[in-house]
Structure formats: C-alpha cells, structure tokens
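Below: one structure, written as structure tokens.
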C-alpha cells in the first residue's frame, strides 16, 4: 500500500487494528484458562466478548469506507502475544504468574489504546464522525479494561503474589 493521503494512513491503521483484534480473540481464551484468580479470569472473559465486538465495529468501519475488511499482519501484537504466552508457561507460584499475566495484558491494552487513539485522530481529521464515534467506543473500552486490570492487580493479585510461599524476601 502506498501512503499518499490521510485516508490511506487511516486504512493502514485500521487494517493493523483488525488483525491485532483477530489475534487477540485467539489469545484471550488462553489467558482465561491459565489465570488462577477467578476475578482475573472473569475480566479476561469479559474482554474477549468486548474484543469480538471490536472486530465487528472495525468491519462496520471498513463497510462505511467501501473497503474490504482485511487485516495487515500486526507484528506488534504478535510480539506482545508471544510474550504473554511465555508468561503463561512459566513454572512457580500461580499468584506470581497471575501478576505477570496482568503485566503482559496491560502492555497489550496500552498498545491498543495508542493505536485506537491514532486512528480516532485520523478519522476526526478526515471529518468522519461516524468512524470516529465507533473508534471512540472501542478506545473507551480499552481504557476501561486497562483500569480494571490495574484494580485487580492492586486490590487482589499483587498482594496474593507477595504472600505466596514462593515469593522471595527481596525488596526493591
């Protein structure tokens, strides 16, 4: 693809996001399965449902642009998912692993927040309020997911990880 206009750039960003969200719909069930905290499992299950909605919104956007809903391999998301899968395979305390899973999931959320924020800005610049509205909905859900993960970490998972029998006495 040639980037000759902001429309081209918006499409490029949307294709990246579309593939990223598709990768996430495959990765999130693994997080649901491996999380030991029920609260964390439920958060990932909820976010999986939201992510499926994000894919649908992106398909609506492509349709409004008279473009085929296709993705461009999102290497950033691929790397973030690879890192989260590495965390899932770690041995040791389940509570500590849950804290690591949250950290990996928040990196994913921050990536998505940045990408949706850029696409939203491009849509606004192009005067596409219809597209901007859909992107804003998804951006708000991504931010809420990040905040929810922070709350789960701060109020449950991290304290359990600190009291885990396998936790070391090392203080930073």
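Read the figures in this text as sums done on the coordinates, not as results from a lab. Treat the numbers as computed from the prediction; the structure is a model and nothing was measured. All Cβ positions, glycine included, derive from the backbone under ideal geometry; neighbour counts span all protein chains shown.
Fewest neighbouring Cβ atoms within 10 Å first, the residues 110, 155, 47 line up as 155, 110, 47. The angle between the Cα long axis of helix 38-64 and the longest principal axis of the Cα atoms of the chain comes to about 10 degrees, rounded to the nearest 10. Cα extents for segment 6-162 along the principal axes, largest to smallest and rounded to whole angstrom: 50, 26, 21. Classify segment 37-105 from the C-alpha gyration tensor, please: rounded if a/c falls under 1.5, else prolate or oblate depending on whether a/b exceeds b/c. The shape class here is oblate. Once the Cα atoms are used to define both axes, helix 75-88 deviates from the longest principal axis of the chain by about 20 degrees. Rounded to the nearest 10 degrees, the angle from helix 94-125 to the longest Cα principal axis of the chain is 20 degrees.
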